[in-house]
Amino acid sequence: MMKDILQQLEERRDTARLGGGQKRIDSQHGRGKLTARERIELLLDEDSFEEFDMFKTHRCTDFGMEKQQPYGDGVVTGWGTINGRMVYVFSQDFTVFGGSLSETHAEKICKIMDMAVQNGAPVIGINDSGGARIQEGVASLAGYADVFQRNIMASGVVPQISVIMGPCAGGAVYSPAMTDFIFMVKDTSYMFVTGPDVVKTVTNEHVTAEELGGASTHTKKSSVADGAFDNDVEALAEVRRLVDFLPLNNREKPPVRPFFDEPGRIEDSLDTLIPENPNTPYDMKELITKVADEGDFYEIQEDYAKNIITGFIRLEGQTVGVVANQPMVLAGCLDIDSSRKAARFVRFCDCFEIPILTLVDVPGFLPGTSQEYGGVIKHGAKLLFAYGEATVPKVTVITRKAYGGAYDVMASKHLRGDFNYAWPTAEIAVMGAKGATEIIHRADLGDEEKIAAHTKDYEDRFANPFVAAERGFIDEVIQPRSTRRRVSRAFASLRNKKLTNPWKKHDNIPL
Ligand code: HXC
């Protein structure tokens, strides 16, 4: 008798694990997609998954729904570990009513989100859903809003990561949109507020789902997504890698990993990184990887606004967020897109106590009507604001240009930079020497000899880090080859930094 009951439990579990049945599982596989449970298995450490609400069913009785009550109601939820550290997870099951969100499906997600906040662990959401459960109407909309409210409350408390592995449309996109990171899978995932058919009817634009909201669109054009991967397996492996960089919540420090790289490592090649000609670009990523432990760099938004680079490295095993101008693209100018990208990254680091390393080679803000009409003033201010409000340790290295307002913005001393270093090749000035000369010696314009002499004067005076160093705006001029050692020691000295901003309900960052 007892044995029968135990046996029955196993049978029920087997039924639940089948979701919408073998045929639909096969069809999911046929599209190159894994099932909700297979994804969880790849995301979490082996055998670490503990499920909640495996037997939960929907309560809908309209449209004959009472006759179909699959266990789990289209979402698998629970917790487990990633390299031994706890995370909560939900994974939508497309084989059950297309992963659509019902009232009870939402309750399951809300339950693990509440636990995540209470217990201080990240939430990872795997999205693969046809949106609101059409048979449930407003009950489903209410369910979405309950999830949205929790995304908002959890923001800045625990890291939230969204992985889009199928359709994600309509208002459903707004839950991922409020999480910290969104990753997509190429060719099998898409996100849009209104689909291609509605677009065609309303604006007469003909566009495929892929063009409208595929991984390429969102990582290159809209910046909605932070990364795109070739398939489910790669995407989940990369999420595991990201989680290793992050603290579990805003009261804990990021994890310290063992490292096998000498913090004092000297990189002679950095002494010749800066080309002779100040207008020749070089790859700032080379500096990032040469400074990082084991050359390991986890880039965020790699394909968007490439004139600025954002991502995570470790120094002496500790996570550091990196923001760096990239002279290879638009000469490393700041513009609307790069300011928004970097500002969001800086704010993420600040919420989760991740120190920030800023590498500067910036000739200024990008000029032009499209920038001004697009509101570069407000968008540039986002980055300025984000750096200025951040209280985490901030270490800055100016490698070459730091001109104008962009000098101030890029984690300067004046925005509470803790260590502001410059290489001897740094040029800290209001603008480039030629432009400056043409303004202050306008009367001599046309006399090339005179202009050249004035330009040289200006260069001699300002195209160096020493004027700033004389004032203490630069703490120390350092040898490029010793950057890793100087920066690691700087962060080590800042581990107990305490800085708090005045009490306020919240700030009013220029959104
Ligand atoms: C209930 C749904 C569903 C939904 C899909 N299904 N979407 N059931 N509610 N929203 C079911 C289908 O009936 C089908 O059931 C199974 O899931 C698979 O769907 P298919 O259409 O066969 O799959 P596919 O061809 O891959 O197309 C996937 C799809 C399409 C693009 C997602 O199903 C679709 O367009 N669905 C409707 C999307 C939608 O309009 N949702 C509401 C958007 S409004 P069987 O039994 O045949 O397997 C919204 C608002 C959110 O979401 C509001 C937040 C505030």
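The values are calculated or read from the model by the stated rules, or taken from the named source; none is laboratory data. None of these values were measured; they are calculated from a predicted model. Here the Cβ is made from the backbone with ideal geometry for all residues, glycine too, and neighbour counts use every protein chain on show. What goes into the accessible areas is simple: the full protein's heavy atoms, side chains included, and nothing from ligands, DNA or RNA. Shrake-Rupley method; radii C 1.70, N 1.55, O 1.52, S 1.80 Å.
What pairs come up if the first residue lies in segment 404-419 and is farther than 17 Å from Cys333 by Cβ, the second is crowded, with 18+ Cβ neighbours inside 10 Å and among the aliphatic types (A, V, I, L, M), and their beta carbons are under 6 Å apart, counting only those six or more places apart or on different chains?
Gly417/Ala411; Phe419/Val395; Phe419/Ala490
Within segment 272-289, can you find the residues that are open to solvent by less than 60 Å² (accessible area, probe 1.4 Å) and more than 22 Å from the chain's Cα centre (by Cα)?
First, pick out the residues of segment 272-289 that are open to solvent by less than 60 Å² (accessible area, probe 1.4 Å): 273-275, 278, 280, 282-284, 287-289.
Result: Leu273, Ile274, Pro275, Pro278, Thr280, Tyr282.
Pick from Val173, Val163, Val198, Val207: which is outside any strand (DSSP E or B) and more than 11 Å from the ligand (Cβ to nearest atom)?
On the way: Val173 fails: more than 11 Å from the ligand (Cβ to nearest atom); Val163 fails: outside any strand (DSSP E or B); Val198 fails: more than 11 Å from the ligand (Cβ to nearest atom).
The unique qualifying residue is Val207.
Does Val123 satisfy being of a type outside the set (Lys, Arg) and away from the ligand (no atom under 13 Å from the Cβ)?
So Val123 fits the description; yes.
Just give me the residues in segment 293-334 being out of contact with any helix residue (DSSP H, G or I) (no Cβ under 6 Å at 6 or more places or on another chain) and either of a type in the set (Asp, Glu) or open to solvent by 20 Å² or more (accessible area, probe 1.4 Å) (or both), in sequence order.
Result: Asp293, Glu294, Asp296, Glu299, Glu302, Lys306, Gln318, Met328, Val329, Leu330, Ala331.
Going by the conditions given, is Met115 more than 16 Å from the ligand (Cβ to nearest atom), over 23 Å from the mean Cα position of the chain (by Cα) and either among the basic types (Lys, Arg) or within 21 Å of Asp47 (Cβ to Cβ) (or both)? Let's see the steps before the verdict.
Working: more than 16 Å from the ligand (Cβ to nearest atom): yes; over 23 Å from the mean Cα position of the chain (by Cα): yes; either among the basic types (Lys, Arg) or within 21 Å of Asp47 (Cβ to Cβ) (or both): yes.
Yes.
This table checks each residue for (1) assigned to a loop (DSSP other than H, G, I, E, B); (2) closer than 28 Å to Glu238 by Cα; (3) more than 12 Å from the ligand (Cβ to nearest atom).
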residue: Leu34; (1), (2), (3): yes, yes, yes
residue: Arg39; (1), (2), (3): no, yes, yes
residue: Leu42; (1), (2), (3): no, yes, yes
residue: Glu46; (1), (2), (3): yes, yes, yes
residue: Phe55; (1), (2), (3): yes, no, yes
residue: Pro70; (1), (2), (3): yes, no, no
residue: Gly78; (1), (2), (3): no, yes, yes
residue: Gly98; (1), (2), (3): no, yes, no
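Thr425: under 25 Å from Asp335 (Cβ atoms), surrounded by fewer than 23 Cβ atoms within 10 Å (Cβ to Cβ) and modelled with pLDDT of 95 or more, yes or no? Give the steps one after another, and end with the answer.
Numbers: under 25 Å from Asp335 (Cβ atoms): yes; surrounded by fewer than 23 Cβ atoms within 10 Å (Cβ to Cβ): yes; modelled with pLDDT of 95 or more: yes.
So Thr425 fits the description; yes.
Going by the structure shown, is Arg24 open to solvent by 80 Å² or more (accessible area, probe 1.4 Å) and touching a residue at least 60 places away in the same chain (Cβ under 8 Å)? Don't jump to the end; show me each part of the working.
Numbers: open to solvent by 80 Å² or more (accessible area, probe 1.4 Å): yes; touching a residue at least 60 places away in the same chain (Cβ under 8 Å): yes.
Taking the combined requirement at face value, the residue satisfies it.
Restricting the search to segment 100-127, which residues are among the small types (Gly, Ala, Ser) and either in a helix (DSSP H, G or I) or at pLDDT below 95 (or both)?
In the first step, residues of segment 100-127 are kept if they are among the small types (Gly, Ala, Ser); the result is 100, 102, 106, 116, 120-121, 125.
Selection gives Ala106, Ala116.
Restrict the check to segment 253-263 and report whether at least one residue is part of a helix (DSSP H, G or I) and open to solvent by 20 Å² or more (accessible area, probe 1.4 Å). I'd like the intermediate steps shown before the answer.
Narrowing segment 253-263 to residues part of a helix (DSSP H, G or I): none.
There is no residue in segment 253-263 that is part of a helix (DSSP H, G or I) and open to solvent by 20 Å² or more (accessible area, probe 1.4 Å).
Looking only at segment 1-21, count every residue that is in contact (Cβ under 8 Å) with a residue 40 or more places away in the chain and either surrounded by 15 or more Cβ atoms within 10 Å (Cβ to Cβ) or part of a helix (DSSP H, G or I) (or both) and tell me the total.
Going through segment 1-21, the residues in contact (Cβ under 8 Å) with a residue 40 or more places away in the chain turn out to be 12-13, 15-16, 19-21.
Those left that are additionally either surrounded by 15 or more Cβ atoms within 10 Å (Cβ to Cβ) or part of a helix (DSSP H, G or I) (or both): 12-13, 15-16, 19-20.
Final tally of qualifying residues: 6.
I'm trying to understand the selection: among the residues of segment 100-123, which are touching a residue at least 12 places away in the same chain (Cβ under 8 Å) and of a type outside the set (A, V, I, L, M, F, W, C)?
Of segment 100-123, the ones touching a residue at least 12 places away in the same chain (Cβ under 8 Å) are 100-117, 119-123.
Correct list: Ser100, Ser102, Glu103, Thr104, His105, Glu107, Lys108, Lys111, Asp114, Asn119, Gly120, Pro122.
Does Gly213 satisfy being touching a residue at least 12 places away in the same chain (Cβ under 8 Å), near the ligand (Cβ under 10 Å from one of its atoms), under 26 Å from Glu38 (Cβ atoms) and open to solvent by less than 40 Å² (accessible area, probe 1.4 Å)?
It is false that Gly213 is touching a residue at least 12 places away in the same chain (Cβ under 8 Å), near the ligand (Cβ under 10 Å from one of its atoms), under 26 Å from Glu38 (Cβ atoms) and open to solvent by less than 40 Å² (accessible area, probe 1.4 Å).
Of all residues in segment 81-96, which are open to solvent by 20 Å² or more (accessible area, probe 1.4 Å), under 16 Å from Ile164 (Cα atoms) and either free of Cβ contacts under 8 Å to residues at least 60 places away in the same chain or assigned to a strand (DSSP E or B) (or both)?
Listed by number, the list is empty, since nothing qualifies.
Given the criterion of a type in the set (Val, Ile, Thr), at pLDDT 95 or above and closer than 30 Å to Thr455 by Cβ, identify the matching residue among Val322, Val329, Val291.
Step by step, each of Val322, Val329, Val291 is checked, and only Val329 is of a type in the set (Val, Ile, Thr), at pLDDT 95 or above and closer than 30 Å to Thr455 by Cβ.
From the list Thr396, Thr425, Thr358, Thr391, pick out the single residue that is polar (S, T, N, Q) and in contact with a Pro (Cβ under 9 Å, 6 or more places away or on another chain). Can you show your working first?
Values: Thr396 fails: in contact with a Pro (Cβ under 9 Å, 6 or more places away or on another chain); Thr358 fails: in contact with a Pro (Cβ under 9 Å, 6 or more places away or on another chain); Thr391 fails: in contact with a Pro (Cβ under 9 Å, 6 or more places away or on another chain).
Unique residue meeting the criteria: Thr425.
Here are some conditions: (1) within 12 Å of the ligand (Cβ to nearest atom); (2) open to solvent by less than 20 Å² (accessible area, probe 1.4 Å); (3) modelled with pLDDT of 95 or more. Phe183 meets all but one. Which one does it not meet?
(1)
Considering only segment 235-252, state which residues are surrounded by 15 or more Cβ atoms within 10 Å (Cβ to Cβ), not aliphatic (A, V, I, L, M) and not in a loop (DSSP other than H, G, I, E, B).
Matches in segment 235-252: Glu238, Arg240.
What number of residues in segment 224-234 are surrounded by fewer than 17 Cβ atoms within 10 Å (Cβ to Cβ) and outside any helix (DSSP H, G or I)?
2
Being free of Cβ contacts under 8 Å to residues at least 12 places away in the same chain and part of a helix (DSSP H, G or I) is the filter here; which residues of segment 420-452 pass it? First the steps, then the outcome.
The initial filter retains those residues of segment 420-452 that are free of Cβ contacts under 8 Å to residues at least 12 places away in the same chain, namely 435, 439, 442-450, 452.
Matches in segment 420-452: Gly435, Ile439, Arg442, Ala443, Asp444, Glu448, Glu449, Lys450, Ala452.
What residue, among those in segment 27-40 that are open to solvent by 20 Å² or more (accessible area, probe 1.4 Å) and of a type in the set (D, E, K, R), is modelled with the lowest pLDDT?
In this case the residue turns out to be Arg31.
Taking segment 382-418 only, how many residues are assigned to a strand (DSSP E or B) and farther than 27 Å from Glu459 by Cβ?
So in segment 382-418, the residues assigned to a strand (DSSP E or B) come out as 394-403.
From what is left, the residues that are farther than 27 Å from Glu459 by Cβ are 394-395.
Summing the residues that are assigned to a strand (DSSP E or B) and farther than 27 Å from Glu459 by Cβ in segment 382-418 gives 2.
Can you name every residue in segment 128-160 that is away from the ligand (no atom under 13 Å from the Cβ), among the hydrophobic types (A, V, I, L, M, F, W, C) and open to solvent by less than 30 Å² (accessible area, probe 1.4 Å)? If you could, list the steps in order and put the result at the bottom.
Filtering segment 128-160 down to residues away from the ligand (no atom under 13 Å from the Cβ) leaves 150, 152-160.
Narrowing the set further to residues that are among the hydrophobic types (A, V, I, L, M, F, W, C) leaves 152-154, 157-158.
Residues satisfying the conditions are Ala154, Val158.
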